[in-house]
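One structure is given here, and the rest of the page talks about it.
The values are calculated or read from the model by the stated rules, or taken from the named source; none is laboratory data. All figures in this text were calculated on a predicted structure; none of them were measured in a lab. Cβ placement follows ideal geometry from the backbone for every residue including glycine, while neighbour counts extend to all protein chains displayed.
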Amino acid sequence: MPKGTVNIEVFKDRLRLAWSWQGKRFWLYIGLPDSRINRKAAEIKARMIELDIASNNFDPSLTKYKPQKQESISVTELFDRFIDYKKRTISIGGFAKYQGLQKHVSVFFGNKNAIAVTETVSENFRDYLAQKLEPVTVRERIVLMNACWEWGQKKKLVTENPWAEVKISVAPKQRPQPFTIAEITAIVHKFRCDPNLTNYADYVEFKFGVGLRTGEAAALTWRHCSAGCDRIWIGESLSNGARKSTKTNKARTVPLTSRLQQLLLNRRTNDCLPDDLIFTSTNGLAIDSKNFCNRYWKPALAELGIDYRRPYTTRHTLISHGLEAGMNPVAIAALTGHNIRTLYENYAGLVNPPQLPDLGID
């Protein structure tokens, strides 16, 4: 046998490789019966060893050439490890989604091994979730399961990803109607004149005027405001008491109108500190979005006879009116912190809206 040549042998009806290196004899058991296809697999392994011998990269322990045994791990344990990894990088609110899914994973899969999850099993889990959750939520949960398996592949805990092709159909929903100028005026006036609402009047007008996300408005401190109150830096969000980055993980500085500038100047006191919140609840704490909506926003709209839309619609309102007024979508995206692609997808009807042809019917 020439030096460095790896031979294929049959030993007890099974294929094995045999060769010598530095005067020592080596065998590697392939574990496959002798057949044309299996010999091709053995030849690939033999050529790999020969190449390593020729390039002085041979591993005498043979670990490199033996099939890697996959760690046996249950679906539940895999998902538990995944959320332990994720909780270091996501917010409390975001982590709640993982915890909610964790319960469904435990109930549905029990002690089932992760490598036993096929695409059919994945689809069965999707159908199981569909009996309990809204379609859009089911889609979010399947995305998390897909992310879990992708992470497991990187950690070599699983090889195949049965979630990659699982589809969930979500019916499109009509976006809420933006508030009209008359409705905006009535709402702001209501909050300014009603003694039970006045604490939130500036907060409401500022949300309408800047198009802030709810968490962004709650997170604003005087440190984020320029000395002359003519600009505001938006780079943080506050949710469930946890301060984090904005939704897109990007900061922006927004130049304010003279009216909004004066609103901030009127709020700023001589003794306010840089880390004091600009807008607070009646107790001087961060504004809780659910409490604000249920106790103040809903009753105000009901008394005005305005169709209910959640406070977040103030953001949708600013974007819609800006586009209808002919503002550049790129500029609006920069001011509101929107992903430009998402803005075009969600507001396509307001950006160069198509027109039906006039059929000239009398």
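Within segment 202-245, which residues are hydrophobic (A, V, I, L, M, F, W, C) and in contact with an Asp or Glu (Cβ under 9 Å, 6 or more places away or on another chain)? Val210, Ala218, Ala219, Leu220, Trp222, Ile234, Leu238, listed by residue number. Among the residues of segment 146-161, the ones that are outside any helix (DSSP H, G or I) and either closer than 20 Å to Glu123 by Cβ or at pLDDT 90 or above (or both) come to 4 in all. Cβ separations smaller than 8 Å between residues 6+ apart or across chains give the following pairs from segment 107-125 residues that are under 12 Å from Trp163 (Cβ atoms) to residues that are modelled with pLDDT under 90: Ala114/Ile73; Ala114/Leu157; Ala114/Val158; Glu119/Glu165.
Filtered by the rule that a residue be in contact (Cβ under 8 Å) with a residue 60 or more places away in the chain and either closer than 30 Å to Glu119 by Cβ or in the same structural domain as Val204 (by TED's automatic domain parsing) (or both), segment 156-176 gives Lys156, Leu157, Val158, Thr159. Looking across segment 1-15, just one residue is touching a residue at least 24 places away in the same chain (Cβ under 8 Å) and within 50 Å of the chain's Cα centre (by Cα), and that is Leu15.
So which of Thr248, Thr221 ends up being in contact with a strand residue (DSSP E or B) (Cβ under 9 Å, 6 or more places away or on another chain) and either β-branched (Val, Ile, Thr) or farther than 20 Å from Ile319 by Cα (or both)? Thr221 is the lone residue from the list that is in contact with a strand residue (DSSP E or B) (Cβ under 9 Å, 6 or more places away or on another chain) and either β-branched (Val, Ile, Thr) or farther than 20 Å from Ile319 by Cα (or both).
Of everything in segment 112-127, what is in a loop (DSSP other than H, G, I, E, B) and either more than 15 Å from Cys148 (Cα to Cα) or of a type in the set (A, V, I, L, M) (or both)? Give them in sequence order. Matches in segment 112-127: Lys112, Val117.
If the condition is being crowded, with 19+ Cβ neighbours inside 10 Å and among the aliphatic types (A, V, I, L, M), then segment 129-188 contributes Leu129, Val138, Ile142, Leu144, Met145, Leu157, Val158, Ile184, Ile187. Determine, yes or no, whether Glu123 is more than 19 Å from the chain's Cα centre (by Cα), over 18 Å from Ser106 (Cβ atoms) and charged (D, E, K, R). Judged against the criteria, Glu123 is a match.
Filtering segment 198-205 for residues that are crowded, with 17+ Cβ neighbours inside 10 Å, assigned to a helix (DSSP H, G or I) and touching a Leu at 6+ places or on another chain (Cβ under 7 Å) leaves a non-empty set.
Table: residues versus (1) aromatic (Phe, Trp, Tyr); (2) at pLDDT 90 or above; (3) farther than 24 Å from Lys156 by Cβ; (4) assigned by TED's automatic domain parsing to the domain that holds Leu133.
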position	(1), (2), (3), (4)
Leu17	no, yes, yes, no
Ser20	no, yes, yes, no
Ser35	no, no, yes, no
Ala41	no, no, no, no
Arg47	no, yes, yes, no
Ser55	no, yes, yes, no
Asp59	no, yes, no, no
Ala96	no, no, yes, yes
Lys103	no, yes, yes, yes
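A Cβ distance below 9 Å, combined with a sequence gap of six or more or placement on separate chains, defines the contacts here; from segment 293-308, residues that are without any contact (Cβ under 8 Å) to a residue 40 or more places away in the chain reach residues that are in a helix (DSSP H, G or I) and of a type in the set (D, E, K, R) in the pairs Tyr308/Lys298. Helices (runs of 4 or more DSSP H) fully within segment 239-312 that include at least 2 residues being modelled with pLDDT of 95 or more and surrounded by fewer than 17 Cβ atoms within 10 Å (Cβ to Cβ): 258-267, 298-304. Inspect segment 324-332 for any residue being in contact with a Phe, Trp or Tyr (Cβ under 7 Å, 6 or more places away or on another chain) and either surrounded by fewer than 10 Cβ atoms within 10 Å (Cβ to Cβ) or under 22 Å from Ser239 (Cβ atoms) (or both) and give the result as yes or no. So far as segment 324-332 goes, no, none of its residues is in contact with a Phe, Trp or Tyr (Cβ under 7 Å, 6 or more places away or on another chain) and either surrounded by fewer than 10 Cβ atoms within 10 Å (Cβ to Cβ) or under 22 Å from Ser239 (Cβ atoms) (or both).
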